[in-house]
Amino acid sequence: MQIPYTSKPRPDTGLYNAKVGLWLFLASEVMLFGGLFSAYILLRTGHEGPWPRGWLSVPIGTFNTMVLISSSISATMAWAACKMGQFNRFKMFHGITLLLAILFLGVKSFEYRDKLTHYWVETKSGVVADGHLVKKTDTEVVLHGVRTSDAAVLYDRTSADYKKLHHEEITIPTADIKKISNYQPKLNIYLSLYWCITGLHALHLIGGILVFGYLWGPGSSMWNRDRERFTNRIEIAGLYWHFVDLVWVFVFPVLYLF
Amino acid sequence: MMEFFYKILGLPEVASTHGHKVDEFIVYIHWLMIALFFGWLVYFVYTLYKFNARRTKKANYFGVRNHFSTYIELAVVGFETILLLFLAVPLWGEVVGKLPKESDSTVIQVVAQQFAWNARYGGPDGKFGAQDMEFVNNDNLFGIDPADTAGKDDVQVLNEIHVPVDKPVLCYVSSKDVIHSFRVREMRATQDAIPGMRIPLWFVPNKTGTFQIFCAQLCGGGHAQMAGGRLVVESQEDFKRWQASKSGATLNFE
Amino acid sequence: MASSNAATHSHAHDHAHAHDDHHAPTGFWTNYIFSTDHKVVGIQYGVTALFFMLFGFGLMMMMRWQIAHPGEALPVLGPLLEKLLGSNMAGKGIISPDLYNSFGAMHGTIMVFLAIVPLATGAFGNYLVPIQIGAIDMAFPKLNMASFQLYFWGGVVMFTSFFVPGGAAQAGWTSYPPLANAIPTDGQTYWLIGMVFLISSSLLGSANIIATIIQLRAPGMTWMRMPFFVWSQFVAAFLLLLAFPPLEAAGVMQLMDKVFGTSFFLPTGLAVGGDLANISGGGSPLLWQHLFWFLAHPEVYVLILPALGIISEIIACNTRKPLWGYKTLVYSALMLGFISFIVWAHHMYMTGMSTKIATFFQTTTMIISIPSVIILTCLLLSLWGGSIRFNTPMLFATAFLPMFAIGGLTGLPLGFNYSDIHLHDTYYVIGHFHYVVAPGTIFALFAGIYFWFPKVTGRHMNEFWGKVHFWGSLVFMNVIFMPMFSQGMGGMLRRMSDGGINYLLRPELLYMNKVILYGAIGLALAQIPFIINFFQSISGGKKVTSDNPWEATTLDWQTPTPPGHGNFDRPMEVFRGPYEYSVPGHQTDFTPQNEKPKA
Ligand code: HEA
Ligand code: HEA
Ligand code: CUA
Ligand SMILES: [Cu+2]
């Protein structure tokens, strides 16, 4: 006994089961990220005081956006190759997708590491310093970055005031420190959102990479057994990938640009 | 007539001007509910009796053929629409939209905490001292600026809120820790006390007496015991006297 | 399966198809624990959920006792609680306020997420949807198994949380922050993790049900020939699929607030001690409430829709006539589904809502009551002209109607924010929703259990004890929940660990707490015949004499009893609507959906 429509589409719906399942899954994913984005909107519109802007590197973000978009293209090419029965071509494009995905995560982890070594220090004398940790001892903390007595300037880093600030090595005696924190999620609500949204997105990528890796490696033996079904698998994996890509296309402007 | 329905429904005493409207509204909506329920119940019981397989051996494929039910449904829609458009919406508009002028009312800041109610009055001069988040701490819940002289005669009390009768009371409700809900049953007034928000609530007490303040939102282990708050509605003179006796107690609780 | 679609499959799988074929499972583990057969998964769901329901009721019994006797030690179980949970939770056998709160939160969570929804969609949905549409299994059997496993482990996490230091979650089933963050117990974190399991389980389950309904309908089973039960599951599954993810997002954020110290839901300027003293702030407690109720309102229709579906099947079969207004029912259910996404804030009228928003939400709330009224009207009118057989399932089904009506009607004064001022967070609300879920949904589930028991086990449950169970439950449910309306009107608040003795309430309102306790004890006693009947009938009940003991029309009754692997022993093809009872001119009073037309 066989469950029908596992690989051939059902005539009246025009879909095979897995595709229906995937669309439903994506619908729920839309609601998941929709929930997060609504949270972002609500928290931002209800926010008192300046909202952090320009805290993330736009070039890096743009680069990663390009990487993801390219990976979507190669995922489509891989599926097309399957459709045309060119297994080697499939392997190549599918492999490219995989590599691009890993590249994206590599860049992302670089960004994360950067955040964890980036420090925000408020001193008792009212000066706020912000920069990368150079060294930290019992008596002092050394940052490479900027300092100002007007913390508001540090929030909007796209502003002219901020650009005027001088990057330098800053030494702060431990005794003078009121608050010190790296750019971890709890520093402020913006970073909380950043970590939460990009983290969840990264988890989706990791899931995708596992599936893509399986389909490239051991899973590809299905090509010889049931070509049609394998092609379907590549198709729905690709659909998922496009979705993950699409989410990033929203994440990028929301967190990096606005 | 209305009194009879208040009794039947077991509505508690009312002591505010808009409270009567709330009660009336509750009665109207219960008329609809009762009519629907008992109307259908008669049909229902009769049907169960009549169409019991013992009495009706053979079922009728078609069943009901008229459209009477559609009229009932339309009537329900109509009644709900009337309640909604002519009562609920405008009345709610009064409750939250048309706040009384501060100069005409007794203005009180209410801050809930686990598990008691703090309240602050502007004092005889009617002016609140300046407040700022940065002064907020456990001894200074309202974040009062110690330097501001307008705050010197402010009155701050714990759990005992006095107000004069027949004058609007305007409360700004907030909380210092978790969500509570400021509720005075006899005033038909309820407002969640949410940390980080300062939400206005107003009513006009029209009976003197002492009413209990309920906490209507789960706020931890002491939620059920958060019952010590009292709203004392008294005559204008009594209120003045009371206020004078409390003046200057800004920064410390009794 | 040899139906018309078999042709498309015959050659593609001729060689080397070992791993994706749908073989009958062998061995204990694959048969009973990791089975992928939808019927086994359904039974697993059912049994687990029934145990959780009993557990949830047990918690409530202890709470009701404490409310009726504030400050007194719980008899019999008190010392046991003290041993299990420690003396600061149940010192001297008295349920402390903290313990009361965790029982309350867990009662709500367990009843909603671990008992009723799994029973209604996991058990009934899984078992019946495929066989009612003539499919051999669910579209994704492996996901189905995973869904049950996730549910089971989610339940285990929830259950374990009672024994962590500080006890289980205590912030209500709504888990409102900042309270949820301020309570010093890991139970709150366990609650969140458990919820993530349960949400994932629901997502897999609901996607599966929808895909099955879309893809696997037998030939001839058009949309408008589907039994209403299938429709109700279809809409409920959509609600789960789309409403749960925002709560998952919220759950992740609350988890981050707890674990990483973020403050998504914590505003600036909180003056609480402990871990919350140095948060960064900037969050919003109301955000959580919006995300929570965005799920939880659709969720309540997930509780009621499958119940309505079950009731419809039973009413049609036992009145021996078609449902009145089948199409209207379907459209109303769809409408209910859509609108349920835009009424959520009626749970938040007292949070300082502006006139505009309040107007929107009370209007949508009134609009959503209309399809409910229509559905109930259709079911009531379906009775007219019938030849009603009052067997146990039908008794529960008929009682469902006025009980749901009481619950639904009392939703109206809550739906208008002007009356909600007085009723919000009182026992009136508790009465409202328990009438819909307890004598409502639970009755429907009981009805369903009695009705389909013969199909699942091949034996009938005992009718006499079934009737005892019914009358006992009906009377005591009302003894429990009816007084709550008076208590609520009189101003008694919910979630009071001492039953409200600190408030100046009329003494008779407090006295009702004792009456309710007796009602609860009666209700518990009334379940004993059911439990014994249930287990005893599996092996000792009266054997069914035919595969279709109730002479029903839908495809679930055209299977062997119990249905084997693959469900049907002959290809199913559907020729007519689901409720062709007493068709004029037909020689029996039922015409199965798969009976070939004469000409
Ligand atoms: C299955 C569950 C279920 C269902 C179906 C409903 C249905 C409805 N609910 Fe309910 N509700 C809950 C479960 C449910 N609710 C829960 C769990 C809570 C509390 C959560 C918490 O705070 O913990 C709640 C709380 C709740 C509130 C918040 C109250 C507050 O906290 O202050 C509101 C407010 O609008 C509301 C409204 C409604 C309305 C208008 C309906 C309508 O859909 C009802 C429509 C039905 C009818 C109008 C009946 C029609 C009747 C007839 C046609 C008569 C027939 C007569 C005979 C048969 C004799 N509900
Ligand atoms: C679907 C949901 C559901 C169901 C079915 C119930 C069922 C019941 N509930 Fe519950 N309840 C809630 C959801 C539910 N509840 C929620 C969400 C809350 C709010 C929590 C909060 O404040 O956060 C609440 C709160 C709540 C309160 C208020 C507590 C408070 O505010 O302090 C009370 C008080 O009496 C109560 C009572 C009951 C009773 C007596 C039942 C009875 O009807 C129970 C009936 C059950 C049975 C009779 C068991 C039958 C079991 C079997 C037959 C098992 C058979 C087993 C085998 C065969 C293996 N509930
Ligand atoms: Cu404060 Cu409940
Ligand atoms: Cu609701």
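So what J values fall out for region A:248-258 if you push phi through Karplus, 6.51 cos²θ - 1.76 cosθ + 1.60 with θ = phi - 60°, rounded to Hz, Gly and Pro as x?
Those phi angles translate into 4, 4, 7, 4, 4, x, 4, 8, 8, 9, 6 Hz.
For region C:491-583, with only Lys/Arg (+1) and Asp/Glu (-1) charged at the beta-carbon, what is the dipole magnitude about the Cα centre, in debye rounded to 20?
Dipole size: approximately 480 debye.
Is there a pair in C:K92/C:K514; B:K7/C:K514; B:K152/B:K240; C:K321/C:K542; B:K127/B:K246 whose C-alpha atoms are over 20 Å apart, and which pairs would that be?
Those over the limit are C:K92/C:K514; B:K7/C:K514; C:K321/C:K542.
Largest first, please: the extent of the C-alpha atoms of region B:105-246 along each principal axis, to the nearest Å.
39, 38, 22
Would you tally the net charge around A:E169, using a Cβ to Cβ cut-off of less than 14 Å, leaving A:E169 out, and scoring K and R as +1, D and E as -1?
0
In square nanometres, what is one fourth of the surface area of the convex hull spanned by the alpha carbons of chain A?
The directionally averaged projection comes out at 17.8 nm².
Please list the helices of chain B that count as membrane-span-like by this rule: a mean Kyte-Doolittle hydropathy of at least -1.0 together with Cα atoms stretching 18 Å or more along the helix axis, each helix being a complete DSSP H run.
In chain B, the long hydrophobic H runs are B:19-50, B:68-82.
Just subtract the alpha-carbon distance of A:V30 and A:H144 from 0.36 nm times their residue separation and send over the number in nm, one decimal.
Net length gain for the segment: 37.0 nm.
Once the convex hull of the alpha carbons of region C:395-494 is built, what does its volume come to per residue, in cubic angstrom?
86
Region C:98-217: percent of C-alpha pairs farther apart than 20 Å?
Considering region C:98-217, 46 percent of its Cα-Cα pairs are separated by more than 20 Å.
Enumerate the amide H contacts of B:R230 below 5 Å, restricted to partners 5 or more residues apart or on another chain; note that Pro and chain-start residues carry no placed amide H.
Placed amide hydrogens put B:E160, B:I161, B:I213 under 5 Å from B:R230.
So if I take the alpha carbon set of region A:119-182, get Rg, then get Rh from the Kirkwood formula, what is the Rg over Rh ratio?
Ratio of gyration radius to Kirkwood radius: 0.96.
For peptide A:42-54, how many partner chain Cβ atoms fall within 10 Å of a residue's Cβ, on average?
Per-residue shielding by partner chains comes out at 3.
How far apart, in nm, are the 7 Å Cα→Cβ label points at A:K163 and B:L85?
5.7
Can you work out the FRET efficiency for the pair C:I521 and C:K467, with r the C-beta to C-beta distance and R0 = 25 Å, to the nearest 0.05?
The calculated FRET efficiency here is 0.75.
Only helices at least 24 Å long along their axis, Cα-based, and averaging -1.0 or more on Kyte-Doolittle count here, so list those DSSP H runs from chain C.
C:38-68, C:141-160, C:187-215, C:228-259, C:285-319, C:355-382, C:392-409, C:463-489, C:507-540
Mind jotting down the three principal axis lengths of region A:1-125 based on Cα atoms? Whole angstrom, largest first.
Here the Cα extents, ordered largest to smallest, are 76, 34, 23 Å.
Any idea what angle helix A:189-216 forms with the longest principal axis of chain A, computed on alpha-carbon atoms, 0 to 90 degrees, nearest 10?
So the inclination is approximately 30 degrees.
Need the list of aspartates and glutamates near A:K178 for cross-linking: C-alpha distance under 19 angstrom, and skip anything on the same chain fewer than eight residues off.
The qualifying aspartates and glutamates are A:E122, A:D130, A:D138, A:E140, A:D150, B:E134, C:D275.
What does the convex hull of the alpha-carbon atoms of region B:2-97 project to on average, in nm²?
So the mean shadow area of the Cα hull is 9.0 nm².
Pop a pseudo-label 7 angstrom from the Cα along the beta-carbon direction at both B:A35 and B:L74 and give the gap in nm to one decimal.
Inter-label distance under the simple model: 1.5 nm.
What do you get for chymotrypsin sites (Phe, Trp or Tyr not before Pro) in region B:170-254 restricted to DSSP loop and a cutoff of at most 16 other Cβ within 10 Å of the site's Cβ?
Passing sites in region B:170-254 are B:F253.
For region C:168-251, just run the numbers: alpha carbon Rg, then divide by 2.2 N^0.38 Å, N being how many residues it has.
So the Cα radius of gyration is 1.49 times the expected 2.2 N^0.38 Å.
Calculate, for C:R389 and B:V45, the FRET efficiency according to 1/(1 + (r/R0)^6) with r their C-beta to C-beta distance and R0 25 Å; round to the nearest 0.05.
0.90
Run down the lysines and flag those whose C-alpha is under 26 Å from the C-alpha of A:K83, throwing out any fewer than 8 positions away in its chain.
Excluding near neighbours in sequence, the set is A:K8, A:K19, A:K91.
Ranked by Cβ crowding within 10 angstrom, fewest neighbours first, how are B:L9, C:L379 ordered?
B:L9, C:L379
I need the P(r) histogram for chain B: all alpha carbon pairs, bin width 10 Å from 0 out to the longest distance, whole percents.
6, 24, 27, 16, 11, 8, 5, 3, 1
Return the equivalent ellipsoid semi-axes of the protein assembly as shown as a descending list in whole Å, where each equals the square root of 5 times an eigenvalue of the C-alpha gyration tensor.
51, 43, 25
Calculate the tail of P(r) for chain C: the fraction of all Cα-Cα distances greater than 30 Å, expressed in %.
54
Please list, or write none, the aspartates and glutamates whose alpha carbon is within less than 13 Å of the alpha carbon of B:K57, excluding same-chain residues fewer than 8 places away.
The qualifying aspartates and glutamates are C:D589.
Read-outs throughout are calculated quantities, based only on the coordinates presented, and are distinct from any laboratory measurement. Keep in mind it's a predicted model, so treat the numbers as computed, not measured. Backbone-built Cβ (ideal geometry, glycine too); neighbour counts: all protein chains shown.
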